[in-house]
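One structure is given below, encoded as structure tokens.
None of the figures in this text is laboratory data; all of them are computed from the coordinates on show. Worth saying up front: this structure is predicted, and the values here are computed from it rather than measured. Neighbour counts run over all protein chains shown; Cβ positions are idealised from the backbone, glycine included.
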Protein chains: 2
Amino acid sequence: MSQIQRVAIVGGNHGNELTGVHLVKKFQQYPNLINRSSFETLALLGNLKAIEESKRYIDKDLNRCFTNQGLQNPQLSSYEDTRAKAIQQILQPQNQPFVDAIIDLHSTTANMGLSLILSDTHPFLLRLAAYLSSRSPLVKVCINQQSKESGFLRSLCELGFVIEVGAVAQNVLNAELFEKTEQLIYTILDYFEGCNQGNILQENSQLILYKYIGTIDYPRSERGEIQAMIHPQLQFRDYEPLNPGDPMFLTFEGKNIFYEGASTVYPIFINEAAYYEKGIAMYLTQKQQQVV
Amino acid sequence: MSQIQRVAIVGGNHGNELTGVHLVKKFQQYPNLINRSSFETLALLGNLKAIEESKRYIDKDLNRCFTNQGLQNPQLSSYEDTRAKAIQQILQPQNQPFVDAIIDLHSTTANMGLSLILSDTHPFLLRLAAYLSSRSPLVKVCINQQSKESGFLRSLCELGFVIEVGAVAQNVLNAELFEKTEQLIYTILDYFEGCNQGNILQENSQLILYKYIGTIDYPRSERGEIQAMIHPQLQFRDYEPLNPGDPMFLTFEGKNIFYEGASTVYPIFINEAAYYEKGIAMYLTQKQQQVV
């Protein structure tokens, strides 16, 4: 593995996720906090206009705009399409080295603790994830092997990943999660530094991975209106087993709806506010143990 | 006290507070749930356009538009000014009796349980509040003696009050709080029915009241940017005592800021998402016991 030379930390890819916004503002004010001797670190705000307006986005979700097709299409001129192109220019500048790693900071109303969301099983990221999760039980690791054309910011480089922290409401700062996220970032930067300097001697480690297998929508009427809520027994139970026959939703009339799958799954992003409009009540994952 | 003849239940006065929105939709679908033999009950959605767009409001906060001056001013034509006039026409129709009571349903990211917010110390409302809080420790009672011209929907009638439920994120349904709010509404309607029928024989009751005495803003820079977060020791501690010298905020640099008042207060609406823009980190209240 070659040296990491440039790292980007992005906050406010979604404008109403304040943890990342204020962490990046702090890093911009105190760059020493994220500087390391063997690489350069950029701290960057994502959706500037949405941050200003305390919204997730203005016209469309910025974190779906980083497709090759979209970035190369001059016809696309919504605020987010334009901003995606500008961010790409910063992270992949002409006549300069591209960033080698992207840490994209998000928050969620689901009880996700400190979750790392990886797009693939790159060995370096898996070893980093194993290192971080061995240090804190709050760190969980998810793999979402989406296609190249999903348009996530993190897809701009091989070592791109998301940190999702929660549960925290949109447009709210939770000081405890803020500080835990900050510490996690420093640990990641120190790990990069250690790798660059050849000081990380990582034995084979056990890593627990949660692999996306699909999404579940809320029960809806023909007109698309939701008919049920996340069941109280499932609310805030991200990463816990959901067994066939367990209650999943509670209708507005008070009727239980049960999970009817054939085997145990591990739901995450349960009751994320921004996913109501995407038709997602939760992601289902499979729990796997792996040596990395 | 004369009979209660018409009651209004309003949800979605703020469009991203889903508990009230979906309770009102349920009541519209099943009017028998809120019908009582001695009075009529209306279930009404407040900010229709904001509900559609999953926002608190479109142009301005609807729940500040119910001033006499605003309602009588034909020049005011923002969406919310227009909607306020339409709601007034429904609740105070020409040639028909006005509603006698308004139950205005809100939710909050603060840990407010089931809070009743009253605008004054009307004896009937205080007895109702004493009755409800004696039945559930989750029910708390706040008095905000604002001027007539604050423009709250509840100011349209003498027996107008707010139910604030939380903690729940904006644009999220929490099934447990949904069901508790629903039960509270039925208890209130049954109480009205009992009063109308002369069946409520309420002895003198002890009532604990939290009276608004002021607001505290986040520490801010000269440019108005917040410099600190609610302290982890205060987060979710609504209605608990805050003593002089207790930590109140934590700056982004990790420094504690302490409460410097002269006496113990009881903060509420701690870290409410919608109040960042209003310059309110929390309301301070005094706790009082009263016989009603």
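Rounded to the nearest Hz, the phi-derived 3J(HN,Hα) couplings of region B:216-230 under the Karplus curve 6.51 cos²θ - 1.76 cosθ + 1.60 (θ = phi - 60°) are 10, 8, 5, x, 10, 7, 4, 7, x, 6, 5, 10, 8, 10, 4, where x marks glycine and proline. Over region B:16-103, the fraction of Cα-Cα pairs per 5 Å bin, rounded to whole percents and listed from the shortest bin up, is 3, 13, 20, 22, 20, 13, 7, 2, 0.
When only Cα pairs below 8 angstrom with a gap of at least 6 residues are kept, region A:6-202 shows a relative contact order of 27 percent.
What residue among A:Gln145, A:Gln96, A:Gln233 shows peak mean-square fluctuation when chain A is described by a Gaussian network model with Cα springs under 10 Å? Maximum among the listed residues: A:Gln96.
Would you mind getting me the FRET efficiency between A:Thr187 and A:Ser150? Use the beta-carbon distance for r and R0 = 30 Å, nearest 0.05. Approximately 0.65, to the nearest 0.05.
Taking Cα centre as origin and charging only the Cβ of basic (Lys, Arg, +1) and acidic (Asp, Glu, -1) residues, the dipole magnitude of region B:212-286 rounds to 20 debye. Dipole magnitude for chain B: computed about the Cα centre from +1 point charges on Lys and Arg Cβ and -1 point charges on Asp and Glu Cβ, it is near 260 debye. If you model region A:93-197 as an ellipsoid using its alpha carbon gyration tensor, with each semi-axis the square root of five times an eigenvalue, the axes come out at 22, 17, 14 Å, biggest first. Ordering B:Ser155, B:Ser54, B:Ser37 from the fewest to the most neighbouring beta carbons within 10 Å gives B:Ser37, B:Ser54, B:Ser155.
Considering only A:Leu126, A:Leu48, A:Leu76, the mean-square fluctuation computed in a Gaussian network model of chain A, springs between alpha carbons under 10 angstrom, is largest for A:Leu76. On the beta carbon distance between A:Ser2 and A:Gln75, with R0 = 51 Å, the FRET formula returns roughly 0.90.
Rounded to the nearest 20, the Cβ-based charge dipole of region A:12-83 about its Cα centre (Lys and Arg +1, Asp and Glu -1) stands at 180 debye. Based on DSSP H segments of at least four residues, each scored -39500 (n - 2.57), chain A has a per-residue ellipticity at 222 nm of -7000 deg cm²/dmol.
Once divided by 2.2 N^0.38 Å, the Cα radius of gyration of region A:208-291 becomes 1.09.
Since only B:Ile102, A:Thr251, A:Tyr283 are under comparison, the one whose Cα sits farthest along the positive direction of the charge dipole of the protein assembly as shown, derived from C-beta charges on Lys, Arg, Asp and Glu, is B:Ile102.
For a paramagnetic label modelled at 7 Å from the Cα of A:Ile213 toward its Cβ, which residues of region A:159-174 fall within the zone defined by backbone nitrogen distances under 17 Å? Within reach of a label on A:Ile213, which here means backbone N under 17 Å from a point 7 Å along Cα→Cβ, region A:159-174 contributes nothing.
Comparing A:Gln75, A:Gln88, A:Gln29 in a Gaussian network model of chain A, where Cα atoms under 10 Å apart are tied by springs, the biggest mean-square fluctuation is seen for A:Gln75. Were the residues from B:Asp120 through B:Gln290 laid out at 0.36 nm apart, the gain over their Cα-Cα distance would be 59.8 nm. Annotation: average projected area of the protein assembly as shown is 30.0 square nanometres, based on the convex hull of Cα atoms across all directions. Of all DSSP-defined beta bridges confined to region A:6-202, some 25% are antiparallel rather than parallel.
Here the protein assembly as shown carries DSSP beta bridges of which approximately 55% are antiparallel, counting only pairs with both residues inside. What angle, in degrees between 0 and 90 and rounded to the nearest 10, separates the Cα long axis of helix B:123-135 from the longest principal axis of the Cα atoms of chain B? For helix B:123-135, the angle is close to 70 degrees.
Taking the charge dipole of region A:21-107 about its Cα centre, with +1 at Lys and Arg Cβ atoms and -1 at Asp and Glu Cβ atoms, the residue from A:Gln88, A:Leu45, A:Cys65 reaching farthest to the positive side is A:Leu45.
Dimensions of chain A based on its C-alpha atoms, expressed as ranges along the principal axes with the largest first, amount to 59, 49, 36 Å. Relative contact order, whole percent, for region B:212-286 stands at 37, derived from Cα pairs under 8 Å and 6 or more residues apart. Could you tell me which of B:Leu156, B:Tyr266, B:Val172 has its Cα farthest along the dipole of chain B towards the positive end, charges placed at Cβ (Lys, Arg +1; Asp, Glu -1), taken about the Cα centre? The Cα lying farthest towards the positive end belongs to B:Leu156. Pairs from the table (A:Lys49/B:Lys55; A:Lys140/A:Lys287; B:Lys180/B:Lys287) lying more than 19 angstrom apart at Cα are B:Lys180/B:Lys287. Using the alpha carbons alone, the radius of gyration of region B:137-289 stands to its Kirkwood radius in an Rg to Rh ratio of 1.02.
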